[in-house]
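S.K.: Handing you a structure now.
FYI, it's all coordinate maths here, none of it is from the lab. Predicted model, so just to flag it, every value in this text is computed and none were measured. For neighbour counting, all protein chains shown are included, and Cβ atoms are generated from backbone atoms with ideal geometry for every residue, glycine included.
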Amino acid sequence: MKMWTRAWLAACCGMALAQAPAIAQDFPNKPVRIVVPFGPGGANDMVARALAEPLAADLGQAVVVENRSGASTIIGASAVARAEPDGYTLLLSGSSTYTVLPALKQGLPYDPVESFDLLAVVADLPMVLVARAQGNVASTPVLLQQARSAPGKLTYGTYGVGSVTHLMGEIFAIAAKVDLTPVPYRGSSQVVTALLGSEVDVAPETLAATLARIQSGDLRPLAVFGQERVAQLPDVPTVAELGLPDATFGGWIALALPKGTPTAARDRLAAALQRAMASERVRQVLAQAGMLPVFLPEAPFRARVDHEIAAFRKVARQANIVLE
């Protein structure tokens, strides 16, 4: 009986080992889906659609972009977290999904590390502090002078309570030791409209959302939140150059898979993704939209997630930001 059992187990193991290469070689054998938890037209959607064509050519299968917006990206992210971990469903999103909500919201239906196999960061989104060009905020020093003379009077636009831009505004205010009042809007376009209409004084925003208005002369860039100046605005200083190194911040976009996706599928997708990010066309599309094409694999991606969650929790405690 024992000999039969051992023989049966050996046969099963042999079959599994024999099938493993076939599974690896066979992937993918049907269309791959990229879920974007935002509506069409934004930076995340743009990146997903820029990647879809070269990924499809590399994988030999259609790559479909599916927009599943709602509940501050929770709907789309949760759908991917619950999806079959077979490599055919990917999540493409940014820090709202991977770090902001996990840092601030209790009872989130997913965990950025436990629910996903992190694949790669593919775009960095330079963030800028902007003001209305015809307004009275001519520079960051002028902004800080006004804020210190009238605490709480100056306002900045955000995407809502606990959003990335809300946290950025608080990080900036804490670093500068000033009191600024956040004003929530529903998204980037509404913030820019409010800024142009003098509803708010300044706004921390993505370069992608503001570059056209800066180039047209409607908005004035005051500072870059990243560690380095950006090529599109070579004369605009970083917050560190202005004496506020603790206000340094950058947005980003990354892809992940449901937890437990087979290694062969993860490796195949990661390799295809890295080749897509090396494509001149993809890099050009992202650069023209004010984004920086990058490829940061799982380890630095995970390190970024861990660092930001800790940093955002600290800011939330200091600024008393709570998401229900």
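S.K.: So if each residue of separation counts as 0.36 nm, and I subtract the Cα-Cα distance between A299 and E280, what length gain in nm does that give?
M.R.: Full extension from A299 to E280 adds 4.3 nm.
S.K.: Residues with amide H under 5 Å of A123's amide H, sequence separation 5 or more or different chain, H placed in the peptide plane at 1.01 Å from N; which?
M.R.: I253, V294
S.K.: In the structure shown, do any of K105/K259; K105/K177; K30/K259 have a Cα-Cα gap over 23 Å, and if so which? Please report the intermediate quantities before stating the final value.
M.R.: Details: K105/K259 21 Å; K105/K177 26 Å; K30/K259 20 Å.
Those over the limit are K105/K177.
S.K.: Considering every Cα-Cα pair within the range 47-190, what fraction, in whole percent, is farther apart than 22 Å?
M.R.: 52
S.K.: Mean Kyte-Doolittle hydropathy of 0.0 or higher plus an axial Cα length of 15 Å or more: which whole DSSP H helices in the chain meet both?
M.R.: What comes out of the filter, once short or polar helices are dropped, is 2-26, 43-59, 164-176.
S.K.: Can you give the alpha-carbon Rg of the range 118-191 over 2.2 N^0.38 Å, where N counts its residues?
M.R.: 1.22
S.K.: When only C-alpha pairs under 8 Å and at least 6 residues apart count, what is the relative contact order of the range 152-263, in percent?
M.R.: On the way: 148 pairs, mean separation 26.6, N = 112.
Worked out over the range 152-263, it gives 24 percent.
S.K.: Sort all Cα-Cα distances of the chain into consecutive 10 angstrom bins from zero, then give the percent of pairs in each bin up to the one containing the longest distance.
M.R.: Per 10 Å bin, starting at zero, the Cα-Cα P(r) for the chain comes out as 6, 25, 31, 20, 10, 4, 2, 1, 0 percent.
S.K.: Magnitude of the Cβ-charge dipole of the range 174-324, K/R +1 and D/E -1, about the Cα centre, nearest 20 debye? Numbers along the way, then the final one.
M.R.: On the way: 16 positive and 15 negative charges, 123 e Å.
Approximately 600 debye in magnitude.
S.K.: Near the amide H of V65, under 5 Å away, which other amide H atoms are found, from residues 5 or more places off or on another chain, if H is placed in the peptide plane?
M.R.: Excluding prolines and chain starts, which carry no amide H, the hits are I34.
S.K.: Could you order the peptides 313-321, 266-274 from most to least packed, using the average number of other C-beta atoms within 10 Å per residue?
M.R.: 266-274, 313-321
S.K.: Divide by every residue of the chain the summed helix terms, -39500 (n - 2.57) for each DSSP H run of at least 4, and state the resulting mean residue ellipticity at 222 nm, rounded to the nearest 500 deg cm²/dmol. Intermediate results must be reported in sequence, preceding the final value.
M.R.: Numbers: 11 runs with 142 residues, N = 324.
Helix-only estimate at 222 nm: -14000 deg cm²/dmol.
S.K.: Shifting gears a bit: Between L154 and residues 5 or more places away or on another chain, which pairs have amide H atoms under 5 Å apart, with H built 1.01 Å from N, and which residues are they?
M.R.: Amide H neighbours of L154, under 5 Å, 5+ apart: T181.
S.K.: Now for a different question. Which one of A287, P234, Q215 is farthest out on the positive end of the charge dipole of the chain, using unit charges on Cβ (Lys, Arg +1; Asp, Glu -1) and the Cα centre as origin?
M.R.: A287
S.K.: Compute, for the chain, the length of the dipole vector about the Cα centre, with Cβ point charges of +1 (Lys, Arg) and -1 (Asp, Glu) only. Units Debye, rounded to 20. Please report the intermediate quantities before stating the final value.
M.R.: On the way: 27 positive and 27 negative charges, 83 e Å.
For this selection, approximately 400 debye.
S.K.: Output wanted: per-residue J couplings in Hz (rounded whole) for the range 241-255, from phi through Karplus 6.51 cos²θ - 1.76 cosθ + 1.60, θ = phi - 60°, x for Gly and Pro.
M.R.: Taking θ as phi minus 60°, the curve returns 5, 8, x, 10, x, 6, 8, 5, 7, x, x, 6, 10, 8, 10 Hz for the range 241-255.
S.K.: On to the next question. When ranked by the protection proxy of mean other Cβ atoms within 10 Å per residue, highest first, what sequence do the peptides 73-82, 89-98 form?
M.R.: So the peptides 73-82, 89-98, ranked by packing, come out 89-98, 73-82.
S.K.: Given a cut-off of 18 Å, what percent of all Cα-Cα pairs of the range 127-247 lie beyond it?
M.R.: Values: 3187 of 7260 pairs.
Looking at the range 127-247, the distances longer than 18 Å represent 44 percent of pairs.
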